[in-house]
Amino acid sequence: MICTQLFNSASEHSSKLGPYLGNGLTTHLVDYWSGQRDCLPVMFELKPTDLAVAWQTLTEWFAASKDCRLTVAHDCSAYGTADCTQVMLAKLLESELIHYVELADTLKSNRATYGPSIQKSVLNTERIPRISSEEIPDQTILGVIDHGCPFAHQVFRKNNGASRVFALLDQDEDISAPHDYGSTPERFGYGRQLNSDNIKGIMADANVGGSIDEALCYKLGGQPLKTRATHGAHVLGLLASSHDTVHEDTLYPESVGKAAKAPIAFVQLPRAFLETPFSKTMERCVYDGLRYLMLCGVASNASRVVAVVDYGTHLGSHDGTGWLETALDAMISEASNKHNLRLDIFFPSGNAFEKRIHARIDQIVPKRTSLHWVIPPAHDAPSFLEIWYKLTEKEEKEKNLNPLVFKNPAGKVVCKLELSGNQFPVTWPSENDAVCVATQKQFGAQAMVLIQIAPTSVSAERSCADAGRWTLEFDSESRSDISLDVFVSSGGTNIGFAQRVWPTHLMKTPASGDNCKITGIGTAISTACGENTWMVSGYEAWLPYQLASYACSGPVRGGKRSKDFPEITEDENDLPKKICGADLAGVTEQGFTRPGVRQIGTRSGSYIRLIGTSMAAPQVARKVIDTDGILASISIGSQSKAPRKGTKERQEAFERRV
């Protein structure tokens, strides 16, 4: 149960409360692991005051509190992460130092196999791994945040047999390993890191008859590589393999590029997150992971870190103002200004173009503006809907409130809100707050409504929601020019992979007019909407420069990717970035009969095929490294004068199907 102090603090300081944290507190964290433990993982933003004093104060608070943990590695930034008891969270909300706090816990799920407990590490604490400058060709370090690092694979070994992986951070709390290899990274306080000496020792212990048993290596290191393929192994191969395999099915030439020789740092995501992905958990994992990769570069006196993050969220403001986007922009600036380190971060655009997860409402028409939100049956994680909007000056002046009505599949009203642009506390229906909970919150010049629906699977722990078509209606008496963007997502949908099902999606109602559109444009992940990060889309090599059918597109709501698209031309020198809202594009599929990009599995000699824009991001990152970042010379894939199918054509085809 949520303690009284936390409830009171949340009510009195609602302006600091993230919407997901607000909804979580309202439902007593029934959908999260923290509902069964005392520790709540959070992300926070400090007020723009003296950061050194603020961090010193927070450090003292957490040191004096039992079962709390502060990630001190972020103390040069206004953004941080922590694990708090409810009492400590209440203290943060009441503090003048804190501007914003959001929940970063993992969702529970019937299929989840990893336990809810957080245990403090019993490993020795050691500094961030470093590598000598002689071992860093061109002063560049490669970084990946993903699942499954095959550090013993032959394509990642040096001429002397040692692994190029010099730092491997596993973000899990409790890692099963037969030997105590590794340590807890200094100033992070959790996870297990393996450095070059650890990996060298593991490979020596796994030497059987003069050959390295790679499966035994991963067992000794406590790494999750029991299967023949993992997403992270494939991505790491595309980024850093010593052999080139893209576009060639019969020839595997040894690469002469810089990326084939650069040292590697890898962050292994928590297993629980991979089973039931949640956007806010992902944000914390990525932020902590990128800080770790950056510090690996700083400790090694590298001049550049190129990091690939192949997970992101479709929820969010899509204008670069979200917590993670602004935090990453600040980290990139910090790396450059304070450490003289270039930090390039590459994200995929996402794989949900055809999944109907975004709707655009250009005008509210009385009795006609409505949407169906389809919630599938037997879904064991909650579903989320976000409405982002900004009231016009006229509406602000006339106080046109635009009532929003939310109905269940039976047609019964379960929630009412007024889009006023004002700060709203958490509101919920009086009947059953475990089924539906809603929050309205102001973010600067815009506002967001968050609606959360309970899982539709039967559970003894909580009430379940009805599967079917839930309805959003705007019960306005007069026409309004307010523009709305609606995004939906299911907890538990792993968007690191191309999805072949629609776990939750939007549909137009018979009453909705042309002013309400389900779009593919606007589906690009919000995680990469910052000013300084890279977003990469994907295309199919078998039809030159055709954007893959699932590859998410822009434009987004604001920021550097909000401008209109250039005209699609037949000029072979026209860069692939012109085909979508992303910066660049890379191959995601190579043929009709064998779809997917071929690359390594988890054991030497194994090759598999995977598809999705997460296959494009490491290719583009590798090309940027090998061309010294001269973007005008980058063209991923085969050259052809064939016309390319652009975003405009895809959107028109998508609307015809819808």
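The numbers here are math on the coordinates, done by the rules we state, and not lab data. It should be emphasised that the depicted structure is a prediction, and the values quoted were computed from it without experimental measurement. Ideal geometry is used to build each Cβ from the backbone, glycine not excepted, and the neighbour counts take in all protein chains shown.
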Considering every pair of different Cα atoms, what Kirkwood radius, in Å, is found for segment 31-103?
-> 12.3
Give me the distance between the Cα centres of segment 254-321 and segment 154-224, rounded to whole Å.
-> 19
Could you list which residues have their amide H under 5 Å from that of residue 128, counting only those 5 or more apart in sequence or on another chain, with H placed in the peptide plane?
-> 186
Fewest to most Cβ atoms within 10 Å: 286, 536 sort as 286, 536
Using alpha carbons only: equivalent-ellipsoid semi-axes of segment 27-170, gyration tensor based, whole Å = 34, 23, 13
Kirkwood Rh and Cα Rg combined as Rg over Rh, evaluated for segment 125-348 | 0.95
Phi-derived 3J(HN,Hα) across segment 185-196 with the Karplus relation (6.51, -1.76, 1.60, θ = phi - 60°), rounded Hz, x for Gly and Pro, is x, 4, 6, 9, x, 8, x, 10, 10, 10, 9, 4
Starting from the Cα of residue 7, step 7 Å along the direction of its Cβ; do the same at residue 207; then give the gap between the two resulting points in nm.
-> 6.3
Enumerate the amide H contacts of residue 607 below 5 Å, restricted to partners 5 or more residues apart or on another chain; note that Pro and chain-start residues carry no placed amide H.
-> 601
Near the amide H of residue 32, under 5 Å away, which other amide H atoms are found, from residues 5 or more places off or on another chain, if H is placed in the peptide plane?
-> 108
Multiply the residue separation of residue 200 and residue 652 by 0.36 nm, subtract the distance between their alpha-carbon atoms, and state the gained length in nm to one decimal.
-> 157.3 nm
Among 56-63, 614-621, how do they line up from the highest to the lowest mean number of other beta-carbon atoms within 10 Å?
-> 614-621, 56-63
Fewest to most Cβ atoms within 10 Å: 357, 212 sort as 212, 357
